[in-house]
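Student: Following this message is one structure expressed as structure tokens.
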């Protein structure tokens, strides 16, 4: 990219030093004749919208998004036209900041930068419009405005790698043997896969322990905090992960992707969900897909409306929720739900282990604050990876005045699901640990407890409430 075309850097000349990705792989699309270099730890999705083919990549913390939209372009299609369509249909409501004709990696391109209010967040969009050899390309990136200085070099490095290929036949492929979650499996190997078939597939809210939804719907209010799906299947799915992909079709973005390993059984059920982190959903059309062994098992569309939904919305769970009691960490001054029946079995400075006989343990940890919470969580995840753990999912959201971080990882046959927050000059971690076969219950416990975090009144005794209180057990374990 020419220096004058580094649109994101034009807006902020002073770029903070940032540790860029150390290992990347080329993603090549032979059909649409392009390749781009993407960090290995980025999420990668590919999907179609009519004749358009879209590659979407997202940083692990979901703060840097890069997309390549490729489509057939007849002689009548101009750069002016594709720019107009993109501005009107994809980044509607944005304000153009800069525009100039130049090059992207020696490819003639029009470059533009925009300020865009997206998902209640101020963002900056950098886009390149290209027409070459009968194909149109829109290569663009999205970064929160407050992170632009720190993350623009990371995004620029990906954009600068965009290259065109010589025409040839094929499909999406990734160098170094990486398989994109949305990539079609090699057809000659499909006969080796055990056939897995969905028996039911529903979206709605309020899943039960039996993984059935209390409210089944394909229409939701933008204020519903969580949208769930549940599904049943037959066929032994072990050996290949289920992948659940959520898309916002109106805004042409990937909302979330979740991967989990099925148990070794001839049938089973699954559950996945998306949350709005306390902000209203963008209104519009959405859909969700379930993948297994490179095949789409099912696809379901739903609508998010700015009007009230037809069924009662999920409300924040009260701390007297049946099946749970209220637990207060006196050290961090944080209150949250904890499942009934758990009793302290091990207690030492900064660590408390609770058990209820189910095989799923609850773990409380207190760490004295050192720098900032985000750096602490990043270091935790990096350390886990260095020790050989597989980090499956990370997420953060605002909850009752606290910023809550959640991360899930596997180590051996065990699954660990943690919620963490910062208060009272301390980091507070609450985790659930058990066998990977108990995945659904472990994730449910993490979600129920983590989304109940709030600041506590620590002026007196913390106390307990709920359907199974145990006033003998105290959660102040730093004394």
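Read the figures in this text as sums done on the coordinates, not as results from a lab. Note that this is a predicted model, so its numbers are computed, not measured.
Student: Which distance in Å, rounded to a whole number, links the C-alpha centroids of the stretch 121-138 and the stretch 229-249?
Tutor: Rounded to whole Å, the Cα centres lie 32 Å apart.
Student: May I pose another question? Apply the a/c threshold of 1.5 to the C-alpha gyration tensor of the stretch 215-259 and tell me whether it is rounded, prolate or oblate.
Tutor: oblate
Student: Please give the contour-minus-distance gain from residue 115 to residue 403: 0.36 nm per residue of separation, less the Cα-Cα distance, rounded to one decimal in nm. Walk me through the intermediate numbers first.
Tutor: Details: separation 288, 0.36 × 288 = 103.68 nm, distance 2.58 nm.
Additional length available on full extension: 101.1 nm.
Student: In terms of the Cα gyration tensor, with a ≥ b ≥ c the square roots of its eigenvalues, is the stretch 324-466 rounded because a/c is under 1.5, prolate because a/b exceeds b/c, or oblate?
Tutor: oblate
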